[in-house]
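The values are calculated or read from the model by the stated rules, or taken from the named source; none is laboratory data. All values reported here derive from a predicted model rather than from experimental measurement. Cβ sites come from the backbone with ideal geometry, for glycine too, and all protein chains shown count toward neighbours. Each accessible area value is taken on the protein alone, full model and side chains, heavy atoms only, with ligands, DNA and RNA left out. Shrake-Rupley method; radii C 1.70, N 1.55, O 1.52, S 1.80 Å.
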Amino acid sequence: MENYPGFPEPVLGQKLAKDMETQAKLFGLEIVQEDVTSVKLKGEIKEISTIYNTWKAKTVLIATGSSPRKLGLPGEAEYAGNGVSYCATCDGPFYPDKVVAVVGGGNSAFEESLFLAKYARKLYLIHRSGNYSADPILQDRVKAEPKIELMPHNVVESLAFAESPRKIMLKSTVSGETSALEVDGMFIFIGAIPNTGLFEGQLELAGGYIVSDREHATSVEGVWAAGDVQEKVLRQVATAVGDGANAAHAIHSYLMHRR
Ligand SMILES: Cc1cc2nc3c(=O)[nH]c(=O)nc-3n(C[C@H](O)[C@H](O)[C@H](O)COP(=O)(O)OP(=O)(O)OC[C@H]3O[C@@H](n4cnc5c(N)ncnc54)[C@H](O)[C@@H]3O)c2cc1C
C-alpha cells in the first residue's frame, strides 16, 4: 500500500494488519481466529457462532469487509496482485508508462480508468456490450481522454501472463472472433460482493451492504458496522480505520450508559 498515512515507503497490507494487531494486543485485545458460521443479533445478548464456539456479547461490531467480484478466469487468482488488480488507487502507481486493460462499464470502471490514465501510457477499456451504466459525464470524460481506447463488444476469455510480453485473449461478442491484446496488467471493476450473507434478514441492508448511521450503529440495537461492509463512498484502509475508531467510541459510550 502506498496511500496509507504515515508510511512514506510502500507497506504490505499484511504487514500493516500484523502491526495493527500487535499494537491492539498491547491494549489487551484478545483475538480468536475462527470463521463465523451464524449470528443471532436481535435481543440483549447477541450470539456469534463458529464451528467451535458460540460467543455471547452485549454488543457486536461487524467488519467482515467486501470481496471484489471476479471474472472467474483460469489464472486470475494466481496473478492477483501481480498483473491482475481490483483496486486502481492501490495498484495504479505500479503501472507508470505501462499498458493496462480495464474490464467493466459502470461508474467504478470509468472513474478508475480516468485515475489509471494518470499513470498508464495506454488503457483499453473492455466491455461486453458497450451499453455502459457509468454516468454520462464520466463517459464524456473517458471519451475525451486520448490515452483511453474503448473496446466495446469484447469479453476477456483468458490470460496469457506466463508469456512475454503479457497478453489477454479477447473474444468479440459480435463476430465471435478472438484476438490477443498486449498489456502489462489488467484491472477488473465489475462490482464487489459485500460479506453480509450471515446478516441477511437480521439487519437493514442496501444493495447488500449494511446500512449504518454516522456513529456506525446499524438498524439493530447493540450492533455496529465498520469498514467495507457498510454502505459508504470510499472503501480504503484509512476510512475503515476511522469507522472502527468511531464505532468503538460509540460502543464504549453505549456500554457505560447501560451499566
Ligand atoms: C487488491 C486490493 C488492494 C487494495 N489496496 C489498498 C491500498 O493500497 N490502500 C487502501 O487504503 N486500500 C486498499 N484496498 C482496500 C482495503 O483493502 C479495504 O478498504 C480495507 O481492507 C477494508 O477493511 P475492512 O476491515 O473493512 O475489511 P477487510 O480488510 O476485507 O477485512 C475483513 C475481514 O473479515 C474477515 N471475515 C469475513 N467474513 C468472515 C466470517 N464469516 N468469519 C470470520 N471472519 C470473517 C475476513 O477474513 C477479513 O479478515 C485494497 C483492496 C484490494 C481488494
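Checking the structure you have, find out if any residue of region 29-36 is within 15 Å of the ligand (Cβ to nearest atom), open to solvent by 80 Å² or more (accessible area, probe 1.4 Å) and more than 22 Å from S253 (Cα to Cα).
Yes; the residues of region 29-36 include at least one that is within 15 Å of the ligand (Cβ to nearest atom), open to solvent by 80 Å² or more (accessible area, probe 1.4 Å) and more than 22 Å from S253 (Cα to Cα).
For region 98-107, give me each residue that is closer than 21 Å to L181 by Cβ and open to solvent by 40 Å² or more (accessible area, probe 1.4 Å).
K98 - this is the single residue of region 98-107 that is closer than 21 Å to L181 by Cβ and open to solvent by 40 Å² or more (accessible area, probe 1.4 Å).
Output the number of residues of region 131-148 satisfying the condition of being crowded, with 16+ Cβ neighbours inside 10 Å, in a helix (DSSP H, G or I) and β-branched (V, I, T).
Count: 1.
Can you tell me which condition N3 does not meet? The list is (1) assigned to a loop (DSSP other than H, G, I, E, B); (2) open to solvent by 50 Å² or more (accessible area, probe 1.4 Å); (3) away from the ligand (no atom under 11 Å from the Cβ), and all the others hold.
Only one criterion in (1) assigned to a loop (DSSP other than H, G, I, E, B); (2) open to solvent by 50 Å² or more (accessible area, probe 1.4 Å); (3) away from the ligand (no atom under 11 Å from the Cβ) is unmet by N3, namely (3).
Condition (residue is aromatic (F, W, Y) and either in contact with an Asp or Glu (Cβ under 9 Å, 6 or more places away or on another chain) or farther than 26 Å from G242 by Cα (or both)) applied to region 2-17: is it met by at least one residue? Outline the logic, then answer.
The initial filter retains those residues of region 2-17 that are aromatic (F, W, Y), namely 4, 7.
With the extra rule that they be either in contact with an Asp or Glu (Cβ under 9 Å, 6 or more places away or on another chain) or farther than 26 Å from G242 by Cα (or both), the set shrinks to none.
No.
Does region 38-46 contain any residue that is within 11 Å of the ligand (Cβ to nearest atom), closer than 23 Å to I210 by Cα and at pLDDT 95 or above?
So the first thing to find is which residues in region 38-46 are within 11 Å of the ligand (Cβ to nearest atom), and the list is 38-39.
With the extra rule that they be closer than 23 Å to I210 by Cα, the set shrinks to 38-39.
This time we only want the ones that are at pLDDT 95 or above, so: 38-39.
So far as region 38-46 goes, yes, one or more of its residues are within 11 Å of the ligand (Cβ to nearest atom), closer than 23 Å to I210 by Cα and at pLDDT 95 or above.
Quick check on A57: is it assigned by TED's automatic domain parsing to the domain that holds A238, surrounded by 11 or more Cβ atoms within 10 Å (Cβ to Cβ) and within 28 Å of L203 (Cβ to Cβ)? Before the answer, list the steps.
On the way: assigned by TED's automatic domain parsing to the domain that holds A238: yes; surrounded by 11 or more Cβ atoms within 10 Å (Cβ to Cβ): yes; within 28 Å of L203 (Cβ to Cβ): yes.
So A57 passes the test.
Collect the residues in region 7-19 that are more than 10 Å from the ligand (Cβ to nearest atom) and either polar (S, T, N, Q) or at pLDDT 95 or above (or both), keeping them in residue-number order.
Q14, K18, D19, listed by residue number.
Checking the conditions here, which among T239, T178 is outside the structural domain of D91 (by TED's automatic domain parsing) and either among the polar types (S, T, N, Q) or buried (at least 21 other Cβ atoms within 10 Å of the Cβ) (or both)? Steps first, answer last, please.
Working: T178 fails: outside the structural domain of D91 (by TED's automatic domain parsing).
Selected residue: T239, the only one of T239, T178 that is outside the structural domain of D91 (by TED's automatic domain parsing) and either among the polar types (S, T, N, Q) or buried (at least 21 other Cβ atoms within 10 Å of the Cβ) (or both).
In region 1-14, what residues are within 20 Å of the chain's Cα centre (by Cα) and over 13 Å from V237 (Cα atoms)?
Here is the first cut: in region 1-14, the ones within 20 Å of the chain's Cα centre (by Cα) are 1-5, 10-14.
Residue satisfying the conditions is P10 alone.
Going by the conditions given, is I193 within 16 Å of the ligand (Cβ to nearest atom) and open to solvent by 60 Å² or more (accessible area, probe 1.4 Å)?
Values: within 16 Å of the ligand (Cβ to nearest atom): yes; open to solvent by 60 Å² or more (accessible area, probe 1.4 Å): yes.
So I193 fits the description; yes.
Considering only residues that are among the polar types (S, T, N, Q) and either on the phi > 0 side of the Ramachandran plot or near the ligand (Cβ under 7 Å from one of its atoms) (or both), which ones fall in region 75-92? Don't jump to the end; show me each part of the working.
Here is the first cut: in region 75-92, the residues among the polar types (S, T, N, Q) are 82, 85, 89.
S85, T89 - these are the residues of region 75-92 that are among the polar types (S, T, N, Q) and either on the phi > 0 side of the Ramachandran plot or near the ligand (Cβ under 7 Å from one of its atoms) (or both).
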